[in-house]
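K.L.:
This structure is in structure tokens; I'll ask about it shortly.
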Amino acid sequence: MKANGPVVKHLVLLGGGHSHLAVLKHLGMNPVSGLAVTLISKDMNTPYSGSLPSYIAGFHAHNDIHIDLRPLAQFANARIIQAEVKSINLERKEVKLPGRPAISFDLISLNIGSNPDAIKIPGAQNFAFGIKPINDFIIHFQSILKLAVENLKSHKEFNIAIVGGGPASVELAFALQFRIHKELKLKITDKSLLNIKLISADQELLSSHNKKVRKFATIELEKRGIELVLDTQVKAFKKNMVVCENGDYFNADKILYATGASIPSWPGDSGLALSEDGFIEVNNHLQSTSHDFVFVAGDAATIKDQVRPKSGVYAVRQGTPLAKNLVRFSTGKRLLRYKPQAHALALMSTGNKSAIASRNNIFYHGRIIWSIKQKIDAAFVRKYSQLPKMKVSPQIAAGLVDKGTEQQLITHAMRCAGCGAKVASNVLAEVLQQLPVISHDDILTPSTIPEDAATIKLKDGRILVQSVDQLKAFINDPWIFGRIATNHCLSDIYAMGCKPHSALAVVGLPFSLKDYGREQLKELMLSCTETLSEHNCALVGGHSAETEAIYLGLCVNGFINQENLLTKGGMQEGDVLILSKPLGTGTLLAADMRYKASHNWIQSALENMLLSNREVAQCFKNNNATACTDVTGFGLAGHLMEMLSGHNIEVDLYLSDIPALDGALECLAHKIYSSLHEDNKLITNNAFNTETVGYDEKSELLFDPQTAGGLLASIPAEKAEKCLKELRESGSRGAKAIGRVTRVGANVPSITLK
């Protein structure tokens, strides 16, 4: 990604909680030139805790209560790393991550939330489920709901024990009872074989709320047949059993807990000062009392001398002051004081489209309160999900060009990275045709077919296969980009049936202070060399330069006997066309740049890009492939045309069988195209002898430029099924047979869509 000025400081946001949503939005609206931002989070879909009861009750879908962090992070130009952090080194200012180099920082913000402290109870991890982390609980909830309904429909009792007497426990009890009865088509007050027990160590329910709330909730629980067990300390969890300190025990098919909050041990182990309640102690700037470069918000923080309940409302309110203080600290300005409100408005759902509102001694309940709560919750999710459109300027003086040219320049300003940043094939072909041809007897590469790599015959009879490729970074993560770019550069060698031997690297890095630049280069080259090592390919040299964005390219060498060489031009009539990877990286990366792609879509695309073509190439060779190429910037149609042009070959292409990455067709349906898409379409469209091309998103997939795409090969028909089976067994689960060679030696090359 293009740097916003030279980087001089690095801010790490650890955790994707409610407060960090506001930080990311603030940084997107008010970018700080020279400040690099990295978001590290285990989950990339943040659930809004206030909407969880409505989700359990069945009033909301999964996406209604979740905020996708990826578009928000893209909006803030933040690097995204999905990982679970278990330690930070405060002396070295490093975040340790599994499976990759540590991330250095100048300042760090923690918004890591909390978990129920029932984890301290023996058996909690094996026999009970906590309501936090919420995403984990949602998975468990679906299985609980299914099991409960199955048992009750079979006229069997189903017992649920909920440990805890606070708002989360009460809301959970109400929502569960309502949802299960709803599935059984029962009213909330109808008797059933569903038994829910609410077990609390407190002497009264909802001890932090006023008497009116406590009385109403107690009566409402009784109306619905939910048993309340107070003043009872849980001793242990066993299989299907809650054991209490007083000797009582309760049998339960499922045990849930939503007790008091706690945080993991690693913040304290890292040296951060903790408050008496066991949370990270911060001052009224939300700044650690022991380390001034560490900021903490949300449940994980306790403000010194201003202890407040661990409630989502406080985390939400801390977001904006946290964002402002992070910027002020990084720019050397005086920090702003934050004083949490003494009493927050509490909204508690009762599951049946009704809710309770309370503050101090104020108490309201009913459907109007529920409606107000729904609007508040929806507005919060919408605030961080519906982002401003990307503004693009041609950045040239007014009057220099006409409006049409200006629009072209705006389009250019939104050019994609990866293989979407290639020179258009028609421009490339036009220029190459004007160049003088210099030939040597030992150069085997034919001028009629643009092969994936050069082939030079050596004196010992072997063939030197040599390719060169370069990518502009399409993600803000040098570690992942380095692996993908390396795999991409090796593919040309594999497409020719060869194994890589050695490589030279070309690296481009934006200017930054030495420390940050050093870290970027280290991550990039470590991921490159580790990937090369996996392929037994030696890095033997290279070149580096200062560039406007991160670039990585490789010149790759390999050696092969001529009889084993695969080319683009060997298709035989009747051959089956097999594609090893699904398509769609171009449109997905374009959507990502526009804040329109979900994290799940991009993560799936990255996982596909990280797949090497080594095993694919070997499988194709083992099954007597007659021709092969890798599918990259010119799209499936463009690279297929290169295979057809040498011998005027006709093929049938089965549009319905062409595999697509998750989200790709949705993006194409919304006309989100990579910047190279239209050029790819222009150069290949005349080869199609059907009018259906270009009229739906599936046909548009043919022109989508691919980064680190798969291999496309023609396989003898009798070998096709065996080849597909071997591909899928070796990890290419998206491999598909997509067409057939119908004629060799036609008047013109053509593609017929079926």
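K.L.:
Consider region 344-362. How many of its residues are assigned to a loop (DSSP other than H, G, I, E, B) and under 21 Å from K375 (Cα atoms)? Explain how you work it out, then say what you get.
P.N.:
Start the filter on region 344-362 by keeping residues that are assigned to a loop (DSSP other than H, G, I, E, B), which leaves 344-345, 350-354, 360-361.
With the extra rule that they be under 21 Å from K375 (Cα atoms), the set shrinks to 344-345, 350-354.
Total meeting the criteria: 7.
K.L.:
If you don't mind, another one. Of all residues in region 8-34, which are surrounded by fewer than 20 Cβ atoms within 10 Å (Cβ to Cβ) and part of a strand (DSSP E or B)?
P.N.:
Matches in region 8-34: K9 only.
Listed here are the residues, each with its yes/no results for (1) over 30 Å from G319 (Cβ atoms); (2) touching a Lys or Arg at 6+ places or on another chain (Cβ under 7 Å); (3) acidic (D, E); (4) surrounded by fewer than 17 Cβ atoms within 10 Å (Cβ to Cβ).
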| position | (1), (2), (3), (4) |
| --- | --- |
| P122 | yes, no, no, yes |
| N126 | yes, no, no, yes |
| D136 | no, no, yes, yes |
| I139 | no, no, no, yes |
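K.L.:
Of all the residues that make up region 194-240, how many are of a type in the set (A, V, I, L, M, F, W, C), over 26 Å from F363 (Cα atoms) and either surrounded by fewer than 15 Cβ atoms within 10 Å (Cβ to Cβ) or touching a residue at least 60 places away in the same chain (Cβ under 8 Å) (or both)?
P.N.:
Qualifying residue count, region 194-240: 3.
K.L.:
Then there is this: Can you give me the number of residues within region 317-346 that are farther than 20 Å from G260 by Cβ, touching a residue at least 60 places away in the same chain (Cβ under 8 Å) and surrounded by fewer than 23 Cβ atoms within 10 Å (Cβ to Cβ)?
P.N.:
Residues in region 317-346 being farther than 20 Å from G260 by Cβ, touching a residue at least 60 places away in the same chain (Cβ under 8 Å) and surrounded by fewer than 23 Cβ atoms within 10 Å (Cβ to Cβ): 6 in total.
K.L.:
Being in contact (Cβ under 8 Å) with a residue 60 or more places away in the chain, over 15 Å from L52 (Cβ atoms) and touching a Phe, Trp or Tyr at 6+ places or on another chain (Cβ under 8 Å) is the filter; apply it to region 160-193 and report the residue that is surrounded by the fewest Cβ atoms within 10 Å (Cβ to Cβ).
P.N.:
Top of the filtered list is I188.
K.L.:
Could you tell me which of the residues K581, K522 is among the basic types (K, R), in contact (Cβ under 8 Å) with a residue 60 or more places away in the chain and outside the structural domain of G482 (by TED's automatic domain parsing)? I'd like the intermediate steps shown before the answer.
P.N.:
Details: K522 fails: outside the structural domain of G482 (by TED's automatic domain parsing).
Only one candidate passes the filter, namely K581.
K.L.:
Exactly one condition in (1) crowded, with 16+ Cβ neighbours inside 10 Å; (2) within 30 Å of E530 (Cα to Cα); (3) touching a residue at least 12 places away in the same chain (Cβ under 8 Å) is false for E94; which is it?
P.N.:
The one condition E94 does not meet is (3).
For (1) under 30 Å from Y384 (Cα atoms); (2) among the polar types (S, T, N, Q), each residue gets a yes or a no:
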residue: V229; (1), (2): no, no
residue: T232; (1), (2): no, yes
residue: D277; (1), (2): no, no
residue: I280; (1), (2): yes, no
residue: A297; (1), (2): yes, no
residue: I303; (1), (2): yes, no
residue: T331; (1), (2): yes, yes
residue: K339; (1), (2): yes, no
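K.L.:
Still on this structure, please answer the following. Starting from residues that are at pLDDT 95 or above and not β-branched (V, I, T), keep the ones in region 733-754 and report whichever is nearest to the chain's Cα centre (by Cα).
P.N.:
A735
K.L.:
Taking region 261-273 as the search range and keeping residues that are surrounded by 16 or more Cβ atoms within 10 Å (Cβ to Cβ) and touching an Asp or Glu at 6+ places or on another chain (Cβ under 9 Å), which one is farthest from A173 (Cα to Cα)?
P.N.:
Selected residue: L272.
K.L.:
Another one. Tell me the residue from A687, A664, A660, A669 that is of a type in the set (A, V, I, L, M, F, W, C) and within 21 Å of R743 (Cα to Cα), please. I'd like the intermediate steps shown before the answer.
P.N.:
On the way: A664 fails: within 21 Å of R743 (Cα to Cα); A660 fails: within 21 Å of R743 (Cα to Cα); A669 fails: within 21 Å of R743 (Cα to Cα).
The match here is A687.
K.L.:
Is it fair to say T547 is among the polar types (S, T, N, Q) and either out of contact with any strand residue (DSSP E or B) (no Cβ under 7 Å at 6 or more places or on another chain) or over 30 Å from L387 (Cβ atoms) (or both)?
P.N.:
Details: among the polar types (S, T, N, Q): yes; either out of contact with any strand residue (DSSP E or B) (no Cβ under 7 Å at 6 or more places or on another chain) or over 30 Å from L387 (Cβ atoms) (or both): no.
No: the conditions fail for T547.
The values are calculated or read from the model by the stated rules, or taken from the named source; none is laboratory data. All of these numbers come straight from a predicted model, not from anything done at the bench. As a convention, Cβ positions derive from the backbone with ideal geometry for all residues, glycine included, and neighbour counts pool all protein chains shown.
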